[in-house]
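Please read the structure below before turning to the comments.
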């Protein structure tokens with residue numbers, strides 16, 4: 001029995017010594033998501049040029065959409081790893097905090113939604129002119145995929161905005177993360193709520209969530225917080 005207790009204590013000491021680096025998974029998820037969503041968007045036309053015609057797909061590169069899907073799928077995997085790391089390392093330390101339990105749920109929700117969004121990117125790349133399955137969809141079918149890609153990879157980031165809202169509570173109210181990180185996390189929450197409620201812009205989470213993940217991951221890694229101390 002004593003041998004088991006000694007092993008467990010040593011194992012916990014090792015985990016504590018390297019625990020501060022796991023939030024970098026969030027930074028990686030945000031960086032990959034930014035590249036997949038914005039850097040590899042693929043669209044070359046403005047809103048006034050979007051009509052049902054073959055001309056719409058003339059300047060589009062199917063490889064861009066394919067790479068967006070690949071990088072996006074990797075971002076989804078990293079989001080799930082981040083959620084698993086949070087549940088393993090944070091929730092046991094603040095088990096009474098509802099906000100702490102909400103953070104990984106938001107990440108998982110975004111991972112599910114983004115799977116569809118990046119999948120639509122890859123589908124358009126496959127079926128458009130120049131893709132490996134060119135000709136299987138007519139112009140109207142391609143147009144539907146094109147519209148799905150308009151906000152498909154942006155809407156899915158809403159779950160991460162919910163995680164940011166939970167982080168606001170943890171920083172400002174519970175003080176389990178630094179107050180600066182709590183107040184910073186309020187920015188994407190307010191921006192998303194304002195744009196969605198005021199202007200009906202459904203894809204605004206895709207502009208803020210990846211950036212928040214990058215900063216939150218770095219902040220949790222190199223800052224002083226109860227949940228990573």
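Only Cα pairs under 8 Å and at least 6 apart count here; give the relative contact order of segment 23-228 as a rounded whole percent.
27
Among 199, 142, 38, rank each residue by its count of other Cβ atoms within 10 Å, from fewest to most, as a rough exposure measure.
Ordered by Cβ neighbours within 10 Å, fewest first: 199, 38, 142.
Just to confirm my numbers, what's the Cα centroid distance between segment 84-109 and segment 159-208 in Å?
Answer, in whole Å: 16.
Using Cβ counts within 10 Å as a stand-in for footprinting exposure, how do 110, 123, 68 rank, fewest first?
123, 68, 110
Across bins of 5 angstrom width beginning at 0, how are the C-alpha pair distances of segment 127-229 distributed, in whole percent?
Here the calculated profile for segment 127-229 is 2, 13, 18, 16, 12, 10, 9, 7, 5, 4, 3, 0.
Would you kindly state how much longer the chain becomes between residue 136 and residue 175 on full extension, computed as 0.36 nm times their sequence separation minus their alpha carbon distance, in nm to one decimal?
So the extension gain works out to 8.5 nm.
Counting other C-beta atoms within 10 Å, which of 195, 128 has the fewest, and how do the rest follow?
195, 128
Starting from one equal scatterer on each C-alpha and no solvent at all, send me the Debye-based log10 I(q)/I(0) for segment 23-228 at q = 0.10, 0.13, 0.14, 0.17 Å⁻¹, two decimals.
Per q value, in the given order, log10 I(q)/I(0) is -0.45, -0.70, -0.78, -1.03.
Any read-out appearing in this document is the output of simple, stated calculations on the displayed coordinates, not a laboratory observation. Everything quoted here is computed from the prediction, not taken from an experiment. We place every Cβ from the backbone using ideal geometry, glycine too, and count neighbours over all the protein chains shown.
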